[in-house]
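The values are calculated or read from the model by the stated rules, or taken from the named source; none is laboratory data. Worth saying up front: this structure is predicted, and the values here are computed from it rather than measured. So basically every Cβ, Gly included, is an ideal-geometry build from the backbone, and we count neighbours across all protein chains shown.
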Amino acid sequence: MTGQIERFLTSADKKLASARKILAFDEEACLQQAYEAMLKASPGFMFSYGFRARSQPGHHVAIIDFVRSRIDKKHAGVLIVFDRLRRKRNLALYDDTGFVSPHDAEQALESARNYLNLIRADIAARES
């Protein structure tokens, strides 16, 4: 694994650890950190295929679509959750209807953990 890929994955791990700690006192921030952990791992995944993400309007959707197109279809549910978290995060940030419950935050944490494991496993399988 190249240093660049590993740096993105390590950063994603840190965001996930931060999300776990935040859960106790701020569900919205926990969900946002969990989503950002997933988002941070994604460029590492893209680099492992020789691509890089561009920061432009709609790039979060493009990143999710890239991962969806290359990850085994049996993991489609994880990508559906990733996209739902993107929308939930946007509601929480930009709309007062975006209330985040403790259950939502816990689900976001679990989904982020699963996603990071999936990304690492996919990269490792292609490197062996």
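Listed here are the residues, each with its yes/no results for (1) small (Gly, Ala, Ser); (2) more than 21 Å from Glu6 (Cβ to Cβ); (3) part of a helix (DSSP H, G or I); (4) in contact (Cβ under 8 Å) with a residue 40 or more places away in the chain.
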| site | (1), (2), (3), (4) |
| --- | --- |
| Phe25 | no, yes, no, no |
| Gln32 | no, yes, yes, yes |
| Ala37 | yes, no, yes, yes |
| Asp65 | no, yes, yes, no |
| His75 | no, yes, yes, yes |
| Arg87 | no, yes, yes, no |
| Asn90 | no, yes, yes, no |
| Asp104 | no, yes, yes, yes |
| Asn114 | no, no, yes, no |
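Taken as a whole, the condition of being among the hydrophobic types (A, V, I, L, M, F, W, C), closer than 20 Å to Ile123 by Cβ and surrounded by fewer than 15 Cβ atoms within 10 Å (Cβ to Cβ) does not apply to Ala41. Of the residues Arg20, Arg70, the single one that is at pLDDT 95 or above, closer than 25 Å to Ile123 by Cβ and not polar (S, T, N, Q) is Arg20.
What residue, among those in the range 110-119 that are surrounded by fewer than 20 Cβ atoms within 10 Å (Cβ to Cβ) and of a type outside the set (S, T, N, Q), is farthest from Ala24 (Cα to Cα)? Only one residue fits best here, namely Leu118.
Put simply, of Val100, Val67 the only residue that is surrounded by 17 or more Cβ atoms within 10 Å (Cβ to Cβ) and farther than 20 Å from Ser11 by Cα is Val100.
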